[in-house]
Amino acid sequence: MTKPTEAELLARPKVIEVEDLVTHYGERMILKGISMDVREGEIMVIMGGSGSGKSTLLRHLMSLEHATSGTMKLLGKNIADLGLKDTYALRRKIGVAFQGGALFSSMTVGENIKLPLREHTDLDEFTMDIMARMKLEVVDLAGFEDLTPSELSGGMLKRAAVARAIIMDPKLLFFDEPSAGLDPVVAAQLDELILRLRDAMGMSIVVVTHELDSAFRIADRITMLDHGHILMIDTPEKMKNCDNTRIQNLLNRRIEEEELDPDAYLRRLTGEDRQHERP
Ligand SMILES: Nc1ncnc2c1ncn2[C@@H]1O[C@H](COP(=O)(O)OP(=O)(O)OP(=O)(O)O)[C@@H](O)[C@H]1O
């Protein structure tokens with residue numbers, strides 16, 4: 001399956017819709033008025049410099065945190081209108097594959113994958129086993145259900161975590177730095193898997209990544225964050241060819257060199273960082 005054109009994509013319903021989202025950690029404003037959407041069957045990649053707010057935005061998109069202001073609709077539901085029960089019901093339609101994979105080392109791969117089924121369904125053991133095997137097949141780990149996580153390689157662990165994230169057949173899937181710590185070949189395999197989940201299972205997928213190659217391989221659109229603002233939301237091709245210097249710096253990874261932590265800058269101005277050098 002080929003990537004949808006931009007026009008095709010924008011004709012689809014929105015599975016996530018964020019309007020003017022503002023968030024704080026304590027007094028400090030982190031997201032400064034974010035508006036974006038994710039369309040059905042889209043792979044949206046969130047990029048930006050270190051500390052730009054990518055993980056914070058991801059946690060809000062997963063409805064794990066409360067915003068200071070703004071609105072967010074997830075799968076057509078306005079998050080602010082939902083009670084606890086409806087919020088939990090909504091979260092069951094969401095799959096999450098986080099950085100470390102976070103499989104329990106004391107359980108087999110199969111047991112790990114069945115955990116969400118145990119928690120959220122009354123299915124019998126036999127049915128759960130079949131479902132776990134089906135999902136292991138999707139991630140190319142058929143036959144590995146009886147191994148423990150310590151017996152898997154880094155790439156296999158990530159794929160097992162994906163199997164667990166999709167066990168409930170989520171409509172929406174979130175990845176935080178999926179290829180962190182993987183060598184390029186294994187990272188490319190994981191990208192293939194992400195594309196396959198979208199194409200074969202029709203999932204909408206949101207990925208936070210630092211990896212430019214990966215972003216360009218999988219993204220239908222990229223949201224580029226900068227210091228809590230949205231700098232640009234566009235297709236990888238348009239982003240690559242745009243003449244915005246800041247975007248080009250971010251894409252060329254020059255960001256880390258020019259990035260300045262505001263607290264560190266203040267300490268430098270006041271000389272606080274050199275106080276220990278004084279006699
Ligand atoms: N729990 C927290 N409490 C206070 N400040 C936080 C917390 N989490 C993040 N921050 C701050 O919020 C800002 C955005 O952090 P966030 O982790 O969302 O950025 P990021 O773009 O994901 O960064 P990175 O690429 O380094 O992971 C940073 O300045 C960070 O120091």
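Data for the structure
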| quantity | calculated |
| --- | --- |
| All positions within segment 199-218 that are open to solvent by 20 Å² or more (accessible area, probe 1.4 Å) and within 16 Å of the ligand (Cβ to nearest atom) | H210, E211, L212 |
| Number of the exception - E17 against (1) open to solvent by less than 70 Å² (accessible area, probe 1.4 Å); (2) outside any strand (DSSP E or B); (3) more than 16 Å from the ligand (Cβ to nearest atom) | (2) |
| Index of the failed condition, A97 passing every other in (1) at pLDDT below 90; (2) among the aliphatic types (A, V, I, L, M); (3) within 15 Å of the ligand (Cβ to nearest atom); (4) touching a helix residue (DSSP H, G or I) at 6+ places or on another chain (Cβ under 8 Å) | (3) |
| All positions within segment 149-198 that are among the hydroxyl-bearing types (S, T, Y) and open to solvent by less than 40 Å² (accessible area, probe 1.4 Å) | S179 |
| Selection status of S35, touching a Leu at 6+ places or on another chain (Cβ under 8 Å), farther than 20 Å from L251 by Cα and at pLDDT 95 or above | yes |
| Selected residue [more than 19 Å from the chain's Cα centre (by Cα) and more than 16 Å from the ligand (Cβ to nearest atom)] from L82, L90, L103, L75 | L82 |
| T5 vs. criteria open to solvent by 10 Å² or more (accessible area, probe 1.4 Å), polar (S, T, N, Q), away from the ligand (no atom under 15 Å from the Cβ) and closer than 23 Å to S214 by Cβ | yes |
| Complete set of residues in segment 130-155 that are under 22 Å from A200 (Cβ atoms) and assigned to a helix (DSSP H, G or I) | I130, M131, A132, R133, M134, K135, L136, E137, V138, G155 |
| Close pairs from segment 119-140: first over 24 Å from L195 (Cα atoms), partner open to solvent by 50 Å² or more (accessible area, probe 1.4 Å), Cβ under 6 Å, at least 6 apart | H120/R92 |
| Of all residues in segment 25-62 being more than 8 Å from the ligand (Cβ to nearest atom) and among the small types (G, A, S), the one that is surrounded by the most Cβ atoms within 10 Å (Cβ to Cβ) | G41 |
| Residue, surrounded by the most Cβ atoms within 10 Å (Cβ to Cβ), within segment 219-252, restricted to residues that are of a type in the set (V, I, T) and closer than 22 Å to S35 by Cβ | I222 |
| Test: residue in segment 90-98 that is part of a helix (DSSP H, G or I) and more than 22 Å from D199 (Cβ to Cβ) | yes |
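Yes/no per residue for (1) touching a Ser or Thr at 6+ places or on another chain (Cβ under 7 Å); (2) more than 19 Å from V162 (Cβ to Cβ); (3) assigned to a strand (DSSP E or B):
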residue	(1), (2), (3)
M29	no, yes, yes
I34	no, yes, yes
V45	yes, no, yes
R59	no, yes, no
L64	no, yes, no
T71	no, yes, yes
A80	yes, yes, no
K85	no, yes, no
A102	no, no, no
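The values are calculated or read from the model by the stated rules, or taken from the named source; none is laboratory data. None of these values were measured; they are calculated from a predicted model. Cβ: placed from backbone, ideal geometry, glycine included. Neighbour counts: every protein chain shown. What goes into the accessible areas is simple: the full protein's heavy atoms, side chains included, and nothing from ligands, DNA or RNA. Shrake-Rupley method; radii C 1.70, N 1.55, O 1.52, S 1.80 Å.
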